[in-house]
Structures are given as structure tokens and as C-alpha cells.
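All remarks here apply to the structure that follows.
What follows draws every value from the coordinates through simple rules; no lab data is involved. If you're wondering where the values come from, they're calculated on a predicted model, not measured in any experiment. Reconstructed Cβ throughout: ideal geometry from the backbone, glycine too, with neighbour counts over all protein chains shown.
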Amino acid sequence: MNIIYFDNNATTQVDPIVLEAMLPYLQEYYGNPSSMHSFGGQVSKAIQAARSQLASLLGAEDSEIVFTSCGTEGNNTAIRAALAAQPDRDRIITTQVEHACVLNVCKQLEKQGYTVTYLSVDRHGQIDLTELEAALTGSTALVTTMYANNETGVVFPIEEIGALAKSYGAAFHVDAVQAVGKLPLNLKTSTIDLLTLSGHKLHAPKGVGALYVRRGFRFRPLLLGGHQERGRRAGTENVAGIVALGKAAELAQQHFQSTTLEQQLRDRLEQGLLATISDCQVNGHPTQRLPNTTNIGFKYIEGEAILLSLNQYGVCASSGSACTSGSLEPSHVLRAMGIPYTILHGSIRFSLSRYTTAAEVDRVLELMPPIIERLRAISPFNSD
Amino acid sequence: MNIIYFDNNATTQVDPIVLEAMLPYLQEYYGNPSSMHSFGGQVSKAIQAARSQLASLLGAEDSEIVFTSCGTEGNNTAIRAALAAQPDRDRIITTQVEHACVLNVCKQLEKQGYTVTYLSVDRHGQIDLTELEAALTGSTALVTTMYANNETGVVFPIEEIGALAKSYGAAFHVDAVQAVGKLPLNLKTSTIDLLTLSGHKLHAPKGVGALYVRRGFRFRPLLLGGHQERGRRAGTENVAGIVALGKAAELAQQHFQSTTLEQQLRDRLEQGLLATISDCQVNGHPTQRLPNTTNIGFKYIEGEAILLSLNQYGVCASSGSACTSGSLEPSHVLRAMGIPYTILHGSIRFSLSRYTTAAEVDRVLELMPPIIERLRAISPFNSD
Amino acid sequence: MWDYTDKVLDLFYNPKNQGAIAPCEEPGIAVVFGEVGSIACGDALRLHLQIDIASDKILDARFQTFGCTSAIASSSALTELIKGLTLDAALHVTNKEIADYLGGLPEAKMHCSVMGQEALEAAIYKYRGIEIEHHEEDEGALICACYGVSENKIRRVAI
Ligand SMILES: Cc1ncc(COP(=O)(O)O)c(C=O)c1O
Ligand SMILES: Cc1ncc(COP(=O)(O)O)c(C=O)c1O
Ligand code: FES
Ligand code: FES
């Protein structure tokens, strides 16, 4: 069966050009980049080249890039590093709609004595800067927020957030896992101290990510050991993954305009669904949103049932985030937005990529109405 | 230039069969294993299959395997998990010859109030069990030792160590990064609670590893976030890497006898060098040693100079461990063994693999005497 | 991804006995429905029974379900299982039988079959005019926040 992949916020296809770039490092160039011999040295050069490619996408310096194994490691590392850098401050500000790998670290830190403020969001998923300002104090060590939300695509005003954080001397970390490659970034002129990204969200493979650490930021590594990544992340490097991430960053820069096309297709999908199916709504902000994401709630029915129905036709979509999809809880993001129960459970996310075609969008527009109709016919609430 | 790769303790070549097994997960099977749809589900099954392959090599249960990003992450995680599991105990026992990723964690823990005993080794690199027993107390939380040393190949008597640790109720962690695939393991009948391994040391790619966690062991994850690895290691899985590690484990089991051949070639190399070059010695244990490793000290000259001379002919060897090779300090392992200064600085390691051929050994045997002779001619100490 | 059996998927894609039963004027026949869950919880089941008053037998059973794949398949399975049974016999149908009929359910989804059993109880007790005793959800962590099933309850019902 042909797959129609509308789940690009969960993970993306490795670009064939990326695969081609990484392959030699799974074949003849297998040396250890830390080795003395030139066989290892050439591998070390490939890592440096990837570092430059990624730095260029972010508007950062090469030395500000630390390669990691995933977004989760990046977020865990960044939060702990920021706190270690300011042992005299004991407050953290984040939002209610962060990814589990930020929220769970924060919960753990609360047990260790930190006070964490979880900023609320409005019904469009947007935070309120006055709430942030009210929460900031001289003992705020860290403000950590996403750039773009994985479930709704809602984009936070990171520079405004950062400016406020800075005015209280707090470190500012941004989880940009969903944003890198989709939204512009120029870290040189930014308020961001630490920024997390993950390769598999931008057409590099799973198992590689990076952390941007502003030059001069007092950093403490999470993984201790050898001198890799200038002592900021020990462990033999995922060389092929790093080379892939570098190439993916270069391609993201080249394809940047294609996000406009993605957005057109996303809008066509979104408007098509709203037009042909009754009792549904977009969960998220009308304009402050990733170009590739739409989260739509269908009244009276349940998300998993919709997903499994789509699955029958090879259409991949999701509810909640991939890594909590095993859980039975409705999305914490949609709950924080105050989405009514009638819609909460029936919300699903379609996330597009540069590979998405108009034909795929049209196919989903054709499949969805009968699926929703069938499930509503089974539901006891439909007729109420 | 043809590469003669005698640096397999630094990293190994990816087996072409391993590459073939992982490639589909960098191509058409790019789904997220946590996704609801069957496109992701099939990827999740591939991870389960790899888990079984690795469990089988270790004599473990599938559920005891936690995939990680490298040996360093495994060691960092294991040590912290073992301590978190026993908050009422504050002593750690390790050895002076551990890898940097164990030693640096221990040093950090000392700052946090833990008392760490670093067991000494004799001139063959072997520890003394009576020293271990004397160090054990009722407040020892953890004994962490390597199975085999990366620099010398010296093998520790892990089951004896484990039995002693258990008799004091301490957790037992083994850094088996250099041992897996080279030495037999049967965790079912072992005293080991936690065991670390790294894919790139056994012909899988860099960027993937695993931690064995004995069933029933109270585990605390280092990386917090989503539900991956049953909540024991958050972060989207390095799917291709995991599939590769599974296949590499299966191949290691098949190739197990080839370690005898490796040992024959290693012995031929070692004996050849000792026979043709004066003033040199093997650093390590005569018998309790990995089949693939020889570390030889050449008096009066400096290791880097030897390595660079070999490099000229495409021969890859190393001094110290790869990830500390940037440092100028002589090896902490050889120093702990009390290797005299005259030899310490001129020690290099040759580490073989199942790809090593007799012709390669002979070529190195031919190259080495003139290299050593030339360097000694330059050295002021030669004539002393 | 949930590991659903073919039977679960079949009853999800082609559910049997879906819908309501119209009120019946015929003498000797009663129509009743029982309901559990709510839209707030994310799962709800309305089970409709047509009962032959003299023989106490279930002539027809239909369901309306708001919920996941397992909930829909379990509801459908339940209606198949109880058709033709006397009410007393139907009360003995356990959620395990529902799960078995489906060839098993993923562990985390076992509670979806509990809902069927409860809706059946609700319908029969309503027909018989019995006040339903509400199980005290004393100890036990909530594992299905959606409609308040505790781990204890699942064990109690499933084993
Ligand atoms: C004994 C030992 N432990 C741990 C490691 C660290 O493994 P990795 O480089 O995969 O992080 C290595 C190798 O580098 C090693 O030789
Ligand atoms: C916003 C956000 N942060 C962090 C992560 C975690 O990244 P990874 O899965 O690479 O660990 C994800 C995706 O899973 C994400 O969407
Ligand atoms: S003189 Fe070169 S390392 Fe000391
Ligand atoms: S009924 Fe299926 S998840 Fe709650």
C-alpha cells in the first residue's frame, strides 16, 4: 500500500541526498574522529564540516554547536546545564505545553527543591507575556520554552520571551526541535543562550541532534567522559548521523522557500476539512503557527478511532505526540488550551513536509468525511 | 593508500551485513516507532527484533535491554541509576584503570559527597580481590569495574568481583564495552546488575549502545521524557543504529570462534615484535587478556612519533584511549600499572578484529623495526 | 502502536449491532438501555437491549460507543455474546470473555472491555428497577483517567 505520510512532526523521511552524504561514514570512513592517525583525522574533518553546515543554518558559530543523540538529550542537558551555571538561583519558568522531555525534567527538579512556574496558554495555545513578566524574579535561573509546539504548531514569540528573561538575568533555553528548518533563526542577534534541535525532524536520521550553546555561556556537560565536543558531550560521536545532520541543515536552508508551498497545501487540507465536515475546529493559533501543521478536533468521536480508520488507507497522522501515544491520557497541550471535552478526545494532527503533494492532500480530503461520518454514526452523542 | 587497521579497540568497521540490515530504516521504513499507525508499528517491531538479538548474545531477557546512544551514556546512566536506587549508601568502588567516562563521573560524585575507592592494579594490570574485599562496607552502594581494559586488554574476574559486591548488598555494574563480542557472557547466571556496551566496538555504527538492567533492579533513567524503552531512556530511538546493533550482536555470536584466529594473529604480531625489536615489553597480563589486544612499550622513544611513522604507511594504531588521545598526559592505565617512565611514553596499542589478515600482521612486523630504529637513533636516551 | 488482533480490527471496521433499538409497543417485549462513561472521560457506551419479558431472554442487543478502537470492538463483541441469553446468564458474561472473543486485547486496553460489562449491568438493573451500587474507588492508582477505572477494579473484573 502507498503510504500517505502526514506525520512529519513525529519524524521525517531521511532525504536521499542526506543518506548519500552519510553512507561513506558507515562504510570506508569508519575511523574514530579522536584517533591520532589520518584515517581517524579525516572523519574528524567531516564532523567539523557538518558543524559549519548546521551553524550556518542557525546563524551561529561553529564552536557553539554541540552534537547530541536526540532532542531529549539536548533538552535534558540544556536545562541541567543552565541550573548548574547559576547555583544561587532556584526558580524555573516554562509553559504547560512543553514536550514531555522538558516537563518531566522540570517535575524532577521540583522534587529537588526548584520552584517551577508553568505558564498557561490561551485557547489558541499562545502564552501571555504579562504572565511571564509577573513570574520572573531575581532568583529565576532559567526560562525554557518551545519555539513551536509539536502538537498544534503554535509559535511562541521567543525573542520577546528572551528579552524579558534577560532583563532578570535568567538563562534562556529554547526547544526548537519543531522549528528548525521550518522557521528562520539567527542566533547571532538572538537572546537565546541554549537551543535544542533534533535531526530526525528535518530529514536527517533518528539518533542525532544538537545543542546550541552561546559562546561564553558557562556550560556543564550531562554526559561525562572523554574530550569529544570540546568536553561538552562525551562519548564516541555518531559520525554518520552528524554528517547527515550537517547535510540536512544545508538542504533545509536551500529548501526554505518550500515552506510556503507546504503552507499552501496545509491550508488546502485544513480548509477542505472544515468545509466538508461539520462540527470540527482547528486547535491552534490562526496565524502564529508552523507552516506544516494543522490540529483539528472532530466532535463526538475519538482520535484513535480516526487514526486507525485512516491507517487502513495508508494515511499516517497522529494524536498527541508520538512518544506519549501509548498513553491513554488526552493531550496535555489541548487540555491546557481549554479545548472542550466534546472535541478534546477527537483531535488529530496532520503534519506535512516538503515531500507532501497536492494529490495526497486531496486523497485525505476525500477519505476523511466518510470516516468521520461512520464513527459518528456509532457514537451515542452524535444525535444528542 | 591501503589502510591497515589495527585500532579496533578505538572503533570498528561496520560489517557490510550490518549496513545492509540497517539501510531500510534510513530509507523506506522511516516511521516513528512510537506512532499509532502501522507504518510506525513495523519499525517498533524491528526494534523488538534487535532487542532479542542482543539479549541472546548476552544471555539476557529482552526486557532487560535498554538501548542508548553510546558506551559513555550507558556508563553515566548505570552509575547514577545504581546510586539513586540506594540513597542510604554513599560509597562507590571502582578501579584506577577505568575509562574516562567512569572515572569522570566518579570524580564528580566525590564532589557531591560520595566516597570513591579506586582499586589499584598490579604490574600486569590486574586488580587484587583482597583489596576489593577490604574496601567493601555495608554502605557501599556500587561496585563498578570494566570487564576488559581498552588499553591493555586485561580481563577482570567479574564474577568474583560481583560475588563480593553482592555479599555486601552493593549493586554491581560492569563496563563491558571492550568485552562484548570478544568474551563470552551469560547474564542469566551472572552477578551483574547493570552492564554497558557500545555498538561501534562490535562492527555496528557509532551512535548506538545498550545498557543491560537486571530484571527487578530499581532503575532510574538519566534522560527523562517520553515513554521510549519502557520509560528507561527517553528520546526518539536511533532506529537504524538499533537494528544495526541487533544484527551485529547476531554476527558476533556467529563469529565467536574467529576470536581464536584473532588471538593467533595477535600472538604472531606480539611475538614477532618482541623477537625483532630490542628493549620492548608487553604491557598487560600474559594470559588474562582480550584475544585481540596487545599493548607494547618501546623504550627511549615516544608513542606519538611511532604512531605518526606508522601512519605514513597507512597503519592505524593508538596510544592511550581514542577519546583522550588529544591529551598530552601519559596513559593513566599504564601509570596505574607502574610501568616505568622509560617505557610509559613509548607504548602503543595494536587491536585486531575479525577482518585482520596474516598479511597485515606481517606487513606491520616488517615496518616496525626500522621505525623504532630510526626514532631511537634520534633519541638522546638510546645510548644511555 | 497498539497490537490489535484481526478480530478487533474487523469488528472496528465492520461493527455488528451498531445503533439504537427503537422503543417497542408490542406487548411482552421491553426495550431498555444502559449507559456508562461520558464524553468528558473520552469513552462512553450506550447498550440497548430488547428483552422478551416472559422468558427473560435478550432478543436483540445494540450499541453506541464513543471511544477508541478497542472500545468499539468490545461493544460489538458484547452484543454478539449476549444475544439469545437470559438476563441472568448475560450478567455472568465477564470482560475477560469479551476480550477472549476478540482474540485478546493489549494489556493497557483491557479496561475498554470493562465498559461493556458495566453497561450491561446498568441496562439489566435498570430494567429490573435495581439501584446500582457504586463501587468505591478506594485504593489503586487511576490508570485510565478517561473514565475513572482504577487498577484494582481492572484486576477485580479481569481476573
Ligand atoms: C572500556 C570503555 N568504556 C567506555 C567507552 C566509551 O564508549 P563510547 O565511546 O561508545 O561512548 C569505551 C570506548 O570508547 C571503552 O573502551
Ligand atoms: C517539541 C519537541 N521537543 C523535543 C522532542 C524530542 O526530540 P527527540 O525525540 O529527538 O528526543 C520532540 C519530538 O519528539 C519535540 O517535538
Ligand atoms: S613536546 Fe609535543 S607533547 Fe610535549
Ligand atoms: S476505553 Fe479504550 S482507552 Fe479508555
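In nanometers and ordered shortest first, the copy-to-copy spacing of the A:Lys45 label point, defined 7 Å from Cα toward Cβ, is 4.5. Excluding C:Asp3 itself, calculate the net charge of residues whose Cβ lies under 13 Å from the Cβ of C:Asp3, where each Lys or Arg counts +1 and each Asp or Glu counts -1. Taking every other residue near C:Asp3 into account, the sum is +1. Counting only residues at least eight positions apart within a chain, or on another chain, the lysines with an alpha carbon under 16 Å from that of C:Lys83 are C:Lys16, C:Lys57. Restriction of the GluC sites (Glu not before Pro) in region C:1-100 to DSSP coil positions whose beta-carbon has at most 11 other beta-carbons within 10 angstrom yields C:Glu25. To the nearest ten degrees, helix A:358-378 and the longest principal axis of the Cα atoms of chain A are 50 degrees apart. The rotation axis bringing chain A onto chain B passes closest to the chain A residue reported with its distance as A:Ser69, 2, by C-beta distance in whole Å.
Using the rule -39500 (n - 2.57) for each DSSP H run of four or more residues, divided by the residues of chain B, the 222 nm mean residue ellipticity is -12000 deg cm²/dmol. For chain B, find the longest principal axis of its Cα atoms and tell me its angle to the long axis of helix B:158-167, 0 to 90°, nearest 10. Relative to chain B, helix B:158-167 is tipped by roughly 50 degrees.
Within a 10 angstrom radius of the beta carbon, how do A:Cys106, A:Cys316 rank from fewest other beta carbons to most?
A:Cys106, A:Cys316
The trypsin sites (Lys or Arg not before Pro) of region A:58-133 that DSSP puts in a loop, and whose beta carbon has at most 14 other beta carbons within 10 Å, are A:Arg123. FRET efficiency for the B:Lys45 to A:Arg215 pair, using the beta carbon distance and R₀ = 41 Å, is estimated at 0.40.
Any idea which of B:Ile371, B:Ala85, B:Leu187 is furthest toward the positive side of the dipole for chain B, if Lys and Arg beta-carbons carry +1 and Asp and Glu beta-carbons -1? Of the listed residues, the answer is B:Ala85. Sorting B:Val174, B:Val315, C:Val31 from the fewest to the most surrounding beta carbons within 10 angstrom yields C:Val31, B:Val315, B:Val174. Once you've got the GNM for chain A with C-alpha springs shorter than 10 Å, pick whichever of A:Thr287, A:Thr12, A:Thr260 has the biggest mean-square fluctuation. The residue that fluctuates most here is A:Thr287. Note that region A:339-353 has calculated 3J(HN,Hα) couplings of 4, x, 4, 4, 10, 3, 6, x, 9, 9, 10, 10, 10, 9, 9 Hz, one per residue in order, obtained from phi through the Karplus relation 6.51 cos²θ - 1.76 cosθ + 1.60 (θ = phi - 60°); glycine and proline are x. Looking at the square roots a ≥ b ≥ c of the eigenvalues of the Cα gyration tensor of region C:19-105, which shape do they give, rounded for a/c under 1.5, prolate if a/b is larger than b/c, or oblate? The shape class here is oblate.
Placing unit charges on the Cβ atoms of the charged side chains and taking the dipole of region A:215-300 about its Cα centre, the candidate lying farthest along the positive direction among A:Phe256, A:Thr287, A:Phe217 is A:Phe217. Which of A:Lys299/C:Lys126; A:Lys206/C:Lys109; A:Lys188/A:Lys247 have a Cα-Cα distance over 26 Å? From the list (A:Lys299/C:Lys126; A:Lys206/C:Lys109; A:Lys188/A:Lys247), the Cα-Cα distance tops 26 Å for A:Lys299/C:Lys126; A:Lys206/C:Lys109.
Derived scalar couplings between HN and Hα for region B:304-313 equal 4, 5, 5, 4, 5, 5, 5, 4, 4, 9 Hz in order, rounded to whole Hz, by the Karplus curve 6.51 cos²θ - 1.76 cosθ + 1.60 (θ = phi - 60°), x for Gly and Pro.
Residues of region A:229-268 with an amide N closer than 15 Å to a point placed 7 Å from the Cα of A:Gln27 along the Cα-to-Cβ direction: A:240. With contacts taken as Cα pairs under 8 Å at a separation of at least 6 residues, region A:1-109 carries a relative contact order of 12 percent. Projecting 7 Å from Cα along the Cα-to-Cβ direction, the label point of B:Asp267 sits 7.6 nm from its equivalents in the other copies, listed shortest first.
Each of B:Thr95, B:Val155, B:Tyr168 was placed along the dipole of region B:16-254 (beta-carbon charges, centred on the mean Cα), and the one lying farthest toward the positive end is B:Tyr168. The angle between the Cα long axis of helix B:258-276 and the main principal axis of chain B comes to about 20°, on a 0 to 90 degree scale. Scanning residues 5 or more positions from B:Gly209 or on other chains, those with amide H under 5 Å from its amide H are B:Thr68, B:Ser69, B:Cys70, B:Gly199, with H placed 1.01 Å from N in the peptide plane. Close amide H pairs (under 5 Å, H built 1.01 Å from N) link B:Ser347 with B:Phe298, B:Gly303, residues at least 5 positions away or on another chain.
This model, with +1 at the C-beta of Lys and Arg and -1 at the C-beta of Asp and Glu, gives chain B a dipole about its Cα centre of some 780 debye. Charged neighbours of B:Leu136, selected by a Cβ distance under 14 Å, balance to -2 (K, R count +1; D, E count -1).
With a ≥ b ≥ c the root eigenvalues of the C-alpha gyration tensor of the protein assembly as shown, is it rounded (a/c under 1.5), prolate (a/b larger than b/c) or oblate? Here the protein assembly as shown falls in the prolate category.
For region A:191-300, trypsin sites (Lys or Arg not before Pro) are listed when DSSP marks them as loop and at most 16 other Cβ atoms sit within 10 Å of their Cβ; the list is A:Arg215, A:Arg218.
Rounded, prolate or oblate: which fits chain B when a ≥ b ≥ c are the square roots of the eigenvalues of the alpha-carbon gyration tensor, with rounded for a/c under 1.5 and prolate only if a/b beats b/c? Show your work: numbers first, answer last.
Values: a/c = 2.14, a/b = 1.31, b/c = 1.63.
Oblate is the answer for chain B, as a/c is 1.5 or above yet b/c matches or exceeds a/b.
The string of couplings for region A:74-87 from the Karplus curve (6.51, -1.76, 1.60, θ = phi - 60°) is x, 5, 4, 5, 4, 5, 5, 5, 5, 6, 5, 6, 9, x Hz, one whole number per residue in order, with x for Gly and Pro. Placing a label point 7 Å from the Cα of B:Arg218 along the Cα-to-Cβ direction, the distances to the matching points in the other copies come to 3.4 nm, shortest first.
The simple Förster model, with R0 at 30 Å and r as the Cβ-Cβ distance, assigns C:Ser38 and A:Leu274 a FRET efficiency of 0.65. Spin-label pair A:Ala84-B:Glu329: with each label point 7 Å from Cα along the Cα-Cβ axis, the two points sit 1.7 nm from one another.
In this structure, A:Leu129 and A:Phe381 have a Cβ-Cβ separation that, at R0 = 45 Å, corresponds to a calculated FRET efficiency of about 0.75.
Only four residue types carry charge here, +1 at the Cβ of Lys and Arg and -1 at the Cβ of Asp and Glu. Report the dipole size of the protein assembly as shown about the Cα centre in Debye, rounded to the nearest 20.
That gives the protein assembly as shown a dipole magnitude of about 1620 debye.
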